[in-house]
1. Name the aspartates and glutamates eligible as straight-distance cross-link partners of D:K338: C-alpha to C-alpha under 14 Å, and not fewer than 8 places from it in the same chain.
2. Take the Cβ-Cβ distance between A:L82 and D:S335 as r, set R0 to 51 Å, and report the resulting FRET efficiency rounded to the nearest 0.05.
3. Mind listing the phi-derived Karplus ³J(HN,Hα) values for segment B:188-195, rounded to whole Hz, using 6.51, -1.76 and 1.60 with θ = phi - 60°, and x for any glycine or proline?
4. Could you tell me the relative contact order of chain D? Use alpha-carbon pairs under 8 Å, at least six residues apart, and round to a whole percent.
5. Inside 10 Å of the C-beta atoms of D:353-360, what's the mean count of C-beta atoms belonging to other chains?
6. Can you list the copy-to-copy distances for A:Q113, using a point 7 angstrom from Cα toward Cβ, in nanometres, shortest first?
7. Give me a single rounded figure for D:158-167: the average over its residues of other chain Cβ atoms within 10 Å of their Cβ.
8. Using a 1.4 Å probe on the protein heavy atoms, what percent of the accessible area of segment B:252-396 belongs to carbon and sulfur?
4 protein chains.
Amino acid sequence: MKKFSLLGTGLIGTFYTMSLLGQRRKDIIHHVCSVPEESARDFALKWNIPKYTDDLRTAIDDPDTDIVIVALPNYLHKEAILMACKAGKHVLCTKPLALNAAEAREILDAAEQAGIFHGYLEDLVYTPKTLKAIGMVRQGTCGRVLWTRSREAHSGPHSAWFWDKKQSGGGALVDMGCHCIEIGRSFIGKDIRPVEVMCWADTQVKPIEAEDHAIALIRYESGAVSQVEVSWNFRGGMDLRDEVSGTEGTIRLDHWLRTGFEVYTSGSTGNYVSEKTETDAGWLFPVGDEVHALGYSDMFTDMLDSLEQEREPRETFYDGYVVNAIMDACYRSASTRKWEPVELAEWRGQEGLSSGVDMIDYDEKYFLIKKEKMPDGKTKVMLKEKSTGTIIQKYI
Amino acid sequence: MKKFSLLGTGLIGTFYTMSLLGQRRKDIIHHVCSVPEESARDFALKWNIPKYTDDLRTAIDDPDTDIVIVALPNYLHKEAILMACKAGKHVLCTKPLALNAAEAREILDAAEQAGIFHGYLEDLVYTPKTLKAIGMVRQGTCGRVLWTRSREAHSGPHSAWFWDKKQSGGGALVDMGCHCIEIGRSFIGKDIRPVEVMCWADTQVKPIEAEDHAIALIRYESGAVSQVEVSWNFRGGMDLRDEVSGTEGTIRLDHWLRTGFEVYTSGSTGNYVSEKTETDAGWLFPVGDEVHALGYSDMFTDMLDSLEQEREPRETFYDGYVVNAIMDACYRSASTRKWEPVELAEWRGQEGLSSGVDMIDYDEKYFLIKKEKMPDGKTKVMLKEKSTGTIIQKYI
Amino acid sequence: MKKFSLLGTGLIGTFYTMSLLGQRRKDIIHHVCSVPEESARDFALKWNIPKYTDDLRTAIDDPDTDIVIVALPNYLHKEAILMACKAGKHVLCTKPLALNAAEAREILDAAEQAGIFHGYLEDLVYTPKTLKAIGMVRQGTCGRVLWTRSREAHSGPHSAWFWDKKQSGGGALVDMGCHCIEIGRSFIGKDIRPVEVMCWADTQVKPIEAEDHAIALIRYESGAVSQVEVSWNFRGGMDLRDEVSGTEGTIRLDHWLRTGFEVYTSGSTGNYVSEKTETDAGWLFPVGDEVHALGYSDMFTDMLDSLEQEREPRETFYDGYVVNAIMDACYRSASTRKWEPVELAEWRGQEGLSSGVDMIDYDEKYFLIKKEKMPDGKTKVMLKEKSTGTIIQKYI
Amino acid sequence: MKKFSLLGTGLIGTFYTMSLLGQRRKDIIHHVCSVPEESARDFALKWNIPKYTDDLRTAIDDPDTDIVIVALPNYLHKEAILMACKAGKHVLCTKPLALNAAEAREILDAAEQAGIFHGYLEDLVYTPKTLKAIGMVRQGTCGRVLWTRSREAHSGPHSAWFWDKKQSGGGALVDMGCHCIEIGRSFIGKDIRPVEVMCWADTQVKPIEAEDHAIALIRYESGAVSQVEVSWNFRGGMDLRDEVSGTEGTIRLDHWLRTGFEVYTSGSTGNYVSEKTETDAGWLFPVGDEVHALGYSDMFTDMLDSLEQEREPRETFYDGYVVNAIMDACYRSASTRKWEPVELAEWRGQEGLSSGVDMIDYDEKYFLIKKEKMPDGKTKVMLKEKSTGTIIQKYI
């Protein structure tokens, strides 16, 4: 059993609380911090949390606290985490870790020097579907991973600070790209180095300074490409999908809009359907248990079991740092309009991988390009002559 | 925190244990019973359960035990539950409650006379999708419920006793029909009386005495019909779908085969995919968190929270009794080949409901049958003259 | 090239015309009949048809006419067809063939005695999906067919006469059950005899005399069961789905609501979406080419190619007669509330089939019930001892 | 009725023939050309075509021929089309129009100077789904189009020449990118200028010189971005999907793998399933009428009706030229690794469009960023102060 101080009571703080206190879990939130104090008090009352405050230090330094959960706006992460490091408390921090890679690096160093347990709360790699899919990829289901796509798109965030670049560090890319980037890494292999980035970002619709729509390609040392799509201009609910394509297989995940739960209703009932659903009439696509489907339950289980068993969790501040470095490269590329390298001061994964095509021997004379069953039932092969490079086809 | 004695270590006992011990839950299984003792010992070792036995009474009478969980073959439910009642222990029993309604009634009476807390472990009404869908129906999303369909079909159960009518009480209907019946009741309203049943049951494929395929229609006092489809002859995995149709809306749930998780792999990886998946190559449809998707997590949360808060859980032994009574009527109907009444010694819901059509006034002269937007953009109404019954159409 | 007289200009007449005149087809509608004459004239103008009339005989006896297409309300089929037989014209008649089996028999006899070509316009067995699926079933994809489900449900028909039992012969069952019955026959095998029927029919919502909702089970001599579901009370568009389950496989077809075409729009555009779509805002599921998706194109191709090649089309008046006989049995069963035999004066298919379980030898001592790969990767078999009938399980 | 000379008898020639001769169409292929002559003869025999040759000029100059259909490998298009222009024959040419924009321009000029009717056979903008979706976009269903995605991926083409850059002009991009580019243009508006391109292309798997995988972003003058994804490394069949996102709506099309036709079969039947399906066992996703689903039927209907009615078809050689120009920019960008302009010698659409955000007045003081219904049922607005740019949120 662990005791938490929760910093922040917005949507993400609420999701964390629903997850931590739901389904007869044994862990306890015993201190909550929010500004103004009134919102901390209301939250404490609602969730039966014994202590509340509007002062970060008070919540962090609480001697009963094992773990500090940072669920604050992005620009406050560093301050809160450094305070926790100083207090020697374990820290779990919501995504993105920091406003940029430099700040993330500072946070990571502080946590490692303090010797605390640090977990990066990247919930979307913990959805039950994603965990199982990652496991399948590791077991060889897809062969060598060639491409991933991760898409998060909806009509924009719920809190004002997200829309203000100074408080958030950016737009749709910072809000959701961090999810998509880490999902891509998780499928391709977190020990495979992200090399360079090409990114388009634009403000197409909303009257804001930051981008409301961005698309990025991240090239890994293995040759795999991770495609990231984020938008605050999407209509129809929350589009949350991932795809993986490899030499031997394919995966498609839909987390929100087409999950086998479909409803038609002729008129509005005035009730909540699911996060970011735009309407409550016509065809609706609710999600049964949102907290579980978004990965919060498995994420906290991993974090707390890891802490107790003295192992690293699936997502640490180092991962948060890598994600920030990739996002920095995205913004540079969106500005320079060309591929930009991912700058990592320290790389903790594999080095010197090569990417390359598969030369499959067909016989002494030919390489095999492709083998296919044709409509007429015959099998056709496409072959490349080793000596000349000439490509021929034949039926076998 | 509650302490359990678990009776039975088959697939269902395993699912219960995975759910009760997963996700940092605070409750504890501290005694497990199975025959032979070796299987109890292995199970205890694997799941870190301090005590094991092959004697029901030893597990039930354990003074530390708050709750007995009956996860035994159907023909042993009564004996175990009566023993628990005598010992004054709370009891949770897997589905179906009993071999037939008479036995279920005996169990219900014993539990109620003993004053213990009794929960009927009908997990499939607790899947997150089903819980949310039931909530939507109660809020009016579908209007008046007219029809439900619940289907469970796969290639047959995992344990030998299921295939033996004497130990199980029947075939596919007893194995899975109990789920479908209670799902239908939950959508139509558990306080609406099931009146009569028409059932077809046949042994189409398997060399057994019991039915391997059955279809039943259950008519409720409100006029709603619940359609139940069960089969042990289905190929392609586990078909687990529900539908609801009402005057104002429609719901479709797919719990297993099309849930937004799709995988193609060119060859076998030799790994487990999901319960009752037939193959591990080609297009696969895994389930992320099976325990959660099947409702076990929410079921135990409801059961244990209900016990602590001294309220009735969603599913009690009375519900188990009603389901057994409906199954008895199904078997009678399959034999007499006509509609058979559902015989309930005691009905605890609404009485004297009437079913009937909606006479909607269009104007003084006409009832409205239908209003529709046509391809040409015009609106057409279908009207019935009140005085003559003549049906006319017109554009408005 | 063939020349048609088209009788009837309602929705079905329009669909036929769109199909016959679309995609550069070579055949010609050169005479159209409708009452009042004004509607015939408007239709002729719109579709560039040279002749129109309000008199059946004029259209049928037109000396240039090769084929008469009957697209009239049900109660007028017999009169029109008998007239065409007398005139020696080929006839294609929309579904259902007649108000009941007796009338259908009379029509069939007249057509056969006249020696004309007769086609039963059952479009839904001609959808490209259904044709391919039937082909796959015939090739063994599903093994022995055990069960089919065919469902058609929407919010009710477009023309007043459908709602009047005297003109239509019944309610939802006559309107749509004829489709579902013939789809079931086509999957099970049109030469397999339909033996008996169990049907529930009720008027749940609409203020009419006929049923607005019905469910039927049709048992075939092979042991297969065809499940038919029809409703005029369904909300959410047109639910048009088929399923097949056999010893070796499964098929699921969705023809209308989930076909890979999904649209979200924040507000109404005032435009037509697809037949029987209830709304034009929110999530919509349009159909690209409705005429093609509903089978009209392939149906007329088969009919006219068959006529020219002097072979029987896929659907003849004999099929229409069988369907009417099954519907008669449905109505009897809905009234007597028990299984009713299908009464066929003449059966043109296989005789004396037996239904029975598969006794698969496992070894000398056992029959095989089931073989399954378990989560732990082991293979488990369920066996039945030949001498005793005892069922055991073991890992192999 | 029109008479064709068909040049080329590969897969595409076969699809064209199936479409032109199917469903009782009135048009006629009366001359076919292929090398070697034997393949022309076999094709003529199979499809009942009166004349065959291995000489392009013979087929083109046939005095009975109205229209020449070019279904040849890419490197032969120019020669054949120029020959047809000289002969004054109308020409329909398969995709891509040419090996590159310079060649395409030459072809376009020749056709326009000859005054012949020219159609660009881009079938995928003619699928019934795509046609309806384009219509909906034009009617305002999606508001202002912001983004499109078009994806075509499979395990590689059927004929040897595709794999040889000299004969095809490139790899996956030339083979399938031309489809995706034109689909994007069709949704965004064919009169909206494509401005610049960012493209990644790599040879990840196949032992060939050209790219087997490419991703491109095409920015239009309206600010819309068209995302193109093509791969010859995809496993699982043919992935053929499009998406559109606009200020008011969203469209998702699946043309091949999830179209409401799903089959499970326990073992191989040895039969053809659908184009590029990799397996015939396990879960399969057949397509009913492939020719129709791929747009061939509607494409030829438009082409021939346009010719007879003396109007431009939906796709002309000018469109082919634009597509080649965009592909040229893609290859330049893949090489320079930055955005590259689309170079069009002549632009026939709108000029001087501006892209820009929507400034929606909320009241005198604020712009509206977003309005949303929250889980608690309240409505929240996100506002931007006009004078300061400060973003606030409030409940209304």
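1. A:E196, A:E340, D:E196, D:D328
2. That pair, A:L82 with D:S335, gives E of 0.65.
3. 6, x, 6, 9, 9, 6, x, 9
4. 15
5. Mean partner-chain Cβ count within 10 Å for D:353-360: 3.
6. 7.4, 7.6, 10.6
7. Numbers: counts 7, 4, 10, 2, 3, 8, 5, 1, 0, 1.
Per residue, the average neighbour count from other chains is 4.
8. Taking all protein chains in place, segment B:252-396 shows 46 percent carbon and sulfur surface.
The values are calculated or read from the model by the stated rules, or taken from the named source; none is laboratory data. For clarity, every value in this text was computed on a predicted model and none was experimentally measured. Neighbour counts are summed over all protein chains in view; Cβ atoms, including those assigned to glycine, are modelled from backbone coordinates with ideal geometry. Ligands, DNA and RNA are stripped out before the accessible areas are found, and what is left, the full protein with its side chains, is counted by its heavy atoms. Shrake-Rupley method; radii C 1.70, N 1.55, O 1.52, S 1.80 Å.
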